[in-house]
Amino acid sequence: MQATGTKVRVNLLIVYAHTMYCFSPRNLVAQLQDVITKLTSLRHPQVPSTSDTAPNQDKTDSLDTPGPLLPLNRVDYPYVLFWCDEDWIKYADDEHNHGEVPSRLRFLTDEDGSPVLESWIKTFMSTAKQAWNELYRLRLDPKSWTKKTLKATSYLAHIMKTSFDEFRYCDGDWKVERFAIIKYPNWCCDAREPGCLTCTSDILFFRCF
């Protein structure tokens, strides 16, 4: 009986010692830290490491410049007067020889050959401005349109020709090109030179006055 009582007391001492060890302040802190770490890892999984490329590096690769649209057939649009650039040049020269000064954008017509309205030209300009703003954001805006890059040329042509058929009634992109040469200085004066645009790494802001 005495041996049995001694064994019980030893077992009780072992249980007591184990309990005191597990619930000691040091072990409680360690266990709490372990729980917190596990919970944090579940809520915020580790994100794969990203490239160290600077925000503006390789920005030109983000410019969307799809391939050219399929050209329209001149035979299907017999009333469009200026299908080739040479057609427009000849018309303008004839007008000058007769003492007339044709509108600089007279080469833009609808499919019936009628000149586009001024309100429609404003719509053209609004779309072109958005394209030039994007070129500005990507540091691709030239000082003058005659010094633009091939990527800038392709980008504007794609935007204008997919938005307005009036720029498709021709061979190639000469109507977009002439429109840009005439209107690009207006955008430079109205937006870029006065500092109305602020270029950041990701977002283009318009300053409010």
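The values are calculated or read from the model by the stated rules, or taken from the named source; none is laboratory data. The structure displayed is predicted, hence computed values, not measured ones. Ideal geometry is used to build each Cβ from the backbone, glycine not excepted, and the neighbour counts take in all protein chains shown.
Please go through region 96-132 and give me each residue that is in contact (Cβ under 8 Å) with a residue 60 or more places away in the chain and more than 20 Å from S163 (Cβ to Cβ), ordered by number.
Correct list: R104 only.
Within region 169-176, is there a residue that is among the β-branched types (V, I, T), closer than 23 Å to Y77 by Cα, under 23 Å from the mean Cα position of the chain (by Cα) and part of a helix (DSSP H, G or I)?
Start the filter on region 169-176 by keeping residues that are among the β-branched types (V, I, T), which leaves 176.
Retained after the next criterion (residues that are closer than 23 Å to Y77 by Cα): 176.
Next, only the ones that are under 23 Å from the mean Cα position of the chain (by Cα) stay: 176.
Now restrict to residues that are part of a helix (DSSP H, G or I): 176.
There is at least one residue in region 169-176 that is among the β-branched types (V, I, T), closer than 23 Å to Y77 by Cα, under 23 Å from the mean Cα position of the chain (by Cα) and part of a helix (DSSP H, G or I).
Checking the structure you have, find out if any residue of region 193-203 is part of a helix (DSSP H, G or I) and either of a type outside the set (S, T, N, Q) or at pLDDT 95 or above (or both).
Filtering region 193-203 down to residues part of a helix (DSSP H, G or I) leaves none.
Taking every residue of region 193-203 in turn, none turns out to be part of a helix (DSSP H, G or I) and either of a type outside the set (S, T, N, Q) or at pLDDT 95 or above (or both).
Listed residues R207, R168; which is among the basic types (K, R), over 14 Å from L105 (Cα atoms) and at pLDDT below 95? Lay out the reasoning, then the answer.
Values: R168 fails: at pLDDT below 95.
Answer to the selection: R207.
Given the criteria at pLDDT 95 or above and farther than 30 Å from A191 by Cβ, does D87 qualify? Walk me through how you get there before you give the answer.
Numbers: at pLDDT 95 or above: yes; farther than 30 Å from A191 by Cβ: yes.
When the stated conditions are applied, D87 passes them.
Could you check region 57-166 for helices (runs of 4 or more DSSP H) lying wholly inside it with 2 or more residues that are in contact with a strand residue (DSSP E or B) (Cβ under 6 Å, 6 or more places away or on another chain) and crowded, with 17+ Cβ neighbours inside 10 Å?
Once the helices (runs of 4 or more DSSP H) in region 57-166 are filtered for at least 2 residues that are in contact with a strand residue (DSSP E or B) (Cβ under 6 Å, 6 or more places away or on another chain) and crowded, with 17+ Cβ neighbours inside 10 Å, what remains is 118-137.
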